[in-house]
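Asks: To start, I am sharing the structure in question, which I have written as structure tokens.
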Amino acid sequence: MIRLSRFVPPFLSRWFDKWSHTVKVIRSNQQVMYALALIVTIPLILAINTFFVVDSMGKHMDYELRLKAELAGSIVSAYSSDMLAAPEQLQAKIEEIKTNSLYEAVKTIEVLVPSGEDFRVLSSTTPSRIDEIMPQWHYTFAWHEDESIATLVKQVEDGKEERVWRIVNPLHDEEGGKIGLVDIGVSTANIDAKTADILTRSWIVLLISVVVVLLLIATNAKLFEYELLFHKIQEVDQMKDEFISIASHELKTPVTAARGFL
């Protein structure tokens, strides 16, 4: 019969022997398997819980910021339509809004009016963009559907990438006709920083929890060793009692016989 080990490289054979020995040790000691299960399961549950909680919180904060951005866009739209005839006043107003924004969350505010098939920037918190022509496809949905639209985009500023909610609201005249658009950009940098801080703290708590679990498992292993030692002492004590009982019984017969002879 051909042995399979002849065709297996030596290092694989040694690795298989070591693995087999480890499996035998684990099977012979159920407490080790229990400890390993705790080491894997508890940190995994904590990690999954931390991930989902932080992710859910981040999405909720994003949604809240979007609602605030849409509200800010609606407020700007409400008075912008009355100031289209006075671009200087409108420019001063939107710059004031950006300056007074909480945590500098408002990055850009632009008021656009139709210019042929495209749009012209009438007022902007970036003065260099005033009178710049913007392609219509940037604002197709908001203009043709006459509805506000919110889009989460990524942009780079000062070499740093950040997420920005772009809210586009249509402007209407007194008869309800469309006369322009308001494009407001609200940064999520502050929320992202807080989320990252919470995530860091959560991972620290997770690490501490894992250390506590390992300490508990180590304590449990020592208690298990004490329990095994106690059981062995009981077995030895029982063996002693059995030995004395057998010895006394075996000695009783010749002693009785000796007494009879005497």
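Asks: Per residue, what accessible area does the range 124-187 have, given a 1.4 Å probe and all protein chains present, in Å²? Mind showing how you got there, number by number?
Replies: Numbers: 3670 Å² over 64 residues.
On a per-residue basis, the range 124-187 sits at 57 Å².
Asks: A further question on this structure: How far apart, in nm, are two points set 7 Å out from the Cα along the Cα-to-Cβ line at LEU38 and at ARG163?
Replies: That separation, rounded to one decimal, is 3.9 nm.
Asks: Roughly to the nearest percent, how much of the accessible area of the range 56-181 is carbon and sulfur, given a 1.4 Å probe? Kindly include the intermediate steps, with their values, before the conclusion.
Replies: Working: 3810 of 7470 Å².
It is 51 percent, rounded to a whole number.
Asks: I would also like to ask the following. Which length gain, in nm to one decimal place, applies between SER248 and GLN155 when the Cα-Cα distance is subtracted from 0.36 nm times their residue separation?
Replies: Details: separation 93, 0.36 × 93 = 33.48 nm, distance 9.40 nm.
Gain on stretching SER248 to GLN155: 24.1 nm.
Asks: Subtract the Cα-Cα distance of THR99 and LEU84 from 0.36 nm times their separation in residues, and report this length gain in nm to one decimal. Spell out each step's value before the answer.
Replies: Numbers: separation 15, 0.36 × 15 = 5.40 nm, distance 2.09 nm.
Contour length minus Cα-Cα distance gives 3.3 nm.
Asks: List every residue whose amide H lies under 5 Å from the amide H of HIS172, counting only residues 5 or more places away in sequence or on a different chain, with H placed 1.01 Å from N in the peptide plane.
Replies: Distant-sequence amide H within range of HIS172: ILE179.
Asks: What distance in nm separates the simple spin-label points at TRP203 and LYS178, each placed 7 Å from Cα in the Cβ direction?
Replies: Going from the TRP203 label point to the LYS178 one covers 4.6 nm.
Asks: Continuing with this model, one more query. With the contact rule set at Cα under 8 Å and sequence spacing of 6 or more, what percent relative contact order holds for the range 82-215? Intermediate results must be reported in sequence, preceding the final value.
Replies: On the way: 197 pairs, mean separation 27.1, N = 134.
Once divided by the residue count of the range 82-215, the mean separation gives 20 percent.
Asks: So, in nm, how far is label LYS240 from label ILE133 when the simple model puts each one 7 Å beyond its Cα toward the Cβ?
Replies: 10.5 nm
Asks: While we're here: Report the calculated FRET efficiency for LYS68 and ILE45 (r = Cβ-Cβ distance, R0 = 30 Å), to the nearest 0.05. Let's see the in-between values first.
Replies: Values: r = 35 Å, r/R0 = 1.16.
After rounding to 0.05, the efficiency reads 0.30.
The values are calculated or read from the model by the stated rules, or taken from the named source; none is laboratory data. Every value quoted in this text rests on a predicted model; they were computed, and no experiment measured them. With ideal geometry, Cβ positions are generated from the backbone for all residues, glycine too; neighbour counts draw on all protein chains shown. For accessibility, only protein heavy atoms count, side chains too; no ligands or nucleic acids. Shrake-Rupley method; radii C 1.70, N 1.55, O 1.52, S 1.80 Å.
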